[in-house]
Amino acid sequence: MVGRHRTDEIEGGYPAYEQPPSRRKSAGPGKVLVPLAGAVALAVLLGVAAYVVVNKDTTGCSGEKVSLFVAVAKDIEPAVSEIAGRFVKAEKTVDGSCVDVAVKGADSDGVAAALAGTGGASSAPDLWIPDSSLWLSQMPPKSAPKVTASLATSPIVLAAPKAAAAKLAESLEPSWTGMMTAANAANPDGLASKVRVVVLDPAKNAAGLGALLAGAGILRQSGDEGSEELLVGVLRQLSESKVTSPDNLFATLSKAATRVPIGVTSEQSVWAFNKENKNAAVALYPAEGTVNLDYPIITTTKDPESAQAAKLFTAELASAASRKTIQGYGFRTPEGQGSVLTPETGMRAEAPTALPIPDAKTVVTLAQSWKRVGLGTKLLSLLDVSGTMALPADSSGITRMQAISQVSTEGLKLFPDKTEIGTWIFSDNLNGAKVDWKETVPVGPLAQQIDGVTRREVIARQMTQIKAIPTGNTGLNDSLWAAYQKMTDEYEADKINTILLFTDGVGNDDPSGGITNAGILKRLKSKFDPAKPVSVLVISFNTQGDENRTQMQNIAKATGGTAYFPETVLEIRNIFLQGIARRLCAPNCPSAK
């Protein structure tokens, strides 16, 4: 696959939506909407080439004109501009004045933010055609405008290089279930070892959000135990493989890789790519059906003349000629008809089964979950190396120390290179008299070099060499307090700040005294700041005594954290996913039992 597309190496947000100055009236025949010098300045200000003013010389229009500014999703802008050209030539009038139409391709998320009052723009277009009504679901009810009609549809599909489609078929049936399985961070040795899923950023692209909603809906319907953990694993994995645009997505799919790449995008974007790249990609239609991008037509102006102009243009958009134009650009009609979508162009002619768009609450919840899962992580791992860690962890015979080593190595795979992680070990008197803890790897990005190797490699090597101290006691409370002070003092607002405590739950056993069990709870409660939360997650092996379990739970609860009590090593992967899922509710998550 080749073409004029950027790679996805540089990721970034879309610029804030900008609108040109509002003009309700424009000059007479033969003149553009604004003077030439102003138009050039406006184009520079907008920084886009997608702003099209449609006002040709006409024979029957004279005097001032009513101007209509239309902001549209960038993929459908060429089609709407063509329709607007015919509309203006038809000399439609409002109170005797002809209508000028200015069409601008705009990012739907930026316009939605402007209309909701959360973006950088102070005003709105007269007519808005985003790629999906999903954007309206995320707006406050009072600011969400009403939809007049749907201009077009485009199903959300899976996409793959044509050359790799046959190989992909050996591993994956096109389905949301298959996509979710392949994108599960908790099972890197399963389907994910053969297939790489690339998704358009759901925070900026409705196709990405619609795909997540479809996949999550299928998971919920299955009723399978562990479906929530699977969803968290998918969100975590896709947060690291997202791209910002279809151009970036197809560039990524074209790269040679050991795993077969599969993208999630709109059917129309596959058609548009194939039009310029000799049908190098194929659209794969999920077996369960899919969510459609529905391109709603929304009148936002309050001006009476502009509103009447919007009504006239909306009627033009619904005409048979306009539907033909829309289909010619790779879209389907609202009823699912497409004229250029054929097997020869990598599509199928019949429309897939349409899944309903979820309610606003479901959309908002998943969108918020996506944003929180994508936050960075700063984690200090506090490892118990006291004598009791040499005891068996479970019936398999491995020691508790070996179990911690294994699960830490597994858990490390779930974190991307930008994650900041460090490790301390604790027992008693490790770093001098009454200093029970010792820093072994300072907190920092996993990709950062330490003496010629990455921090990830340093931690992984440490986990293979760590051993319990046969005569070591458990200076838990003093060590935890030192770690908590450090993490709160070095709190980073753009990250989830966490202490991960690995222990066997025997509790504090420090002959030299130190902080009592009641004392550590008092200090943690006093230090915890909900505005700058540092939570303690406890993974406590083979903890049987009620008193010890209660203390571990109280430690976690004091900081908005959670205590886990696995009985087998196999439970750990899910525990790590539960820990990742906590960022969806932190710092008010329930404690594990």
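The values are calculated or read from the model by the stated rules, or taken from the named source; none is laboratory data. Quick caveat, the model's predicted, so the values are computed rather than measured. All Cβ positions, even for glycine, are placed from backbone atoms using ideal geometry, and neighbour counts span all protein chains on display. Heads up: the accessible areas ignore ligands, DNA and RNA and are worked out on the full protein's heavy atoms, side chains in. Shrake-Rupley method; radii C 1.70, N 1.55, O 1.52, S 1.80 Å.
Considering only residues that are under 19 Å from the mean Cα position of the chain (by Cα) and within 19 Å of residue 287 (Cβ to Cβ), which ones fall in the range 180-194?
If the condition is that a residue be under 19 Å from the mean Cα position of the chain (by Cα) and within 19 Å of residue 287 (Cβ to Cβ), then 180, 181, 182, 183, 184 are the ones that fit.
Determine, yes or no, whether residue 498 is in contact with a strand residue (DSSP E or B) (Cβ under 6 Å, 6 or more places away or on another chain), under 16 Å from residue 377 (Cα atoms), open to solvent by less than 30 Å² (accessible area, probe 1.4 Å) and touching a residue at least 12 places away in the same chain (Cβ under 8 Å).
Judged against the criteria, residue 498 is a match.
Looking at residue 283, is it in a strand (DSSP E or B), modelled with pLDDT of 95 or more and either in contact with a helix residue (DSSP H, G or I) (Cβ under 7 Å, 6 or more places away or on another chain) or over 19 Å from residue 124 (Cα atoms) (or both)?
For residue 283, the condition - in a strand (DSSP E or B), modelled with pLDDT of 95 or more and either in contact with a helix residue (DSSP H, G or I) (Cβ under 7 Å, 6 or more places away or on another chain) or over 19 Å from residue 124 (Cα atoms) (or both) - is met.
Condition first: outside any loop (DSSP other than H, G, I, E, B) and either farther than 30 Å from residue 150 by Cβ or in contact with a strand residue (DSSP E or B) (Cβ under 9 Å, 6 or more places away or on another chain) (or both). Can you find one or more residues in the range 358-369 that meet it?
no
How about the range 123-153: which of its residues are open to solvent by 50 Å² or more (accessible area, probe 1.4 Å) and hydrophobic (A, V, I, L, M, F, W, C)?
147
Do we find a residue being touching a residue at least 40 places away in the same chain (Cβ under 8 Å) and either touching a Phe, Trp or Tyr at 6+ places or on another chain (Cβ under 7 Å) or aromatic (Phe, Trp, Tyr) (or both) anywhere in the range 180-201?
no
For the range 107-189, which fully contained helices (runs of 4 or more DSSP H) count at least 1 residues that are touching a Lys or Arg at 6+ places or on another chain (Cβ under 6 Å) and not acidic (Asp, Glu)?
Where helices (runs of 4 or more DSSP H) fall fully within the range 107-189 and carry at least 1 residues being touching a Lys or Arg at 6+ places or on another chain (Cβ under 6 Å) and not acidic (Asp, Glu), they are 162-171.
Taking the options 93, 118, name whichever one is at pLDDT below 95, more than 26 Å from the chain's Cα centre (by Cα), in the same structural domain as residue 304 (by the TED database) and surrounded by fewer than 23 Cβ atoms within 10 Å (Cβ to Cβ).
93
Given the criteria assigned to a loop (DSSP other than H, G, I, E, B), touching a strand residue (DSSP E or B) at 6+ places or on another chain (Cβ under 8 Å) and not assigned by the TED database to the domain that holds residue 232, does residue 417 qualify?
When the stated conditions are applied, residue 417 passes them.
Scanning for something touching a Gly at 6+ places or on another chain (Cβ under 6 Å) and surrounded by 15 or more Cβ atoms within 10 Å (Cβ to Cβ), does the range 444-456 turn up at least one residue?
Yes, the range 444-456 contains a residue that is touching a Gly at 6+ places or on another chain (Cβ under 6 Å) and surrounded by 15 or more Cβ atoms within 10 Å (Cβ to Cβ).
Can you tell me which condition residue 193 does not meet? The list is (1) crowded, with 17+ Cβ neighbours inside 10 Å; (2) hydroxyl-bearing (Ser, Thr, Tyr); (3) closer than 24 Å to residue 251 by Cβ, and all the others hold.
Status for residue 193: all satisfied but (1).
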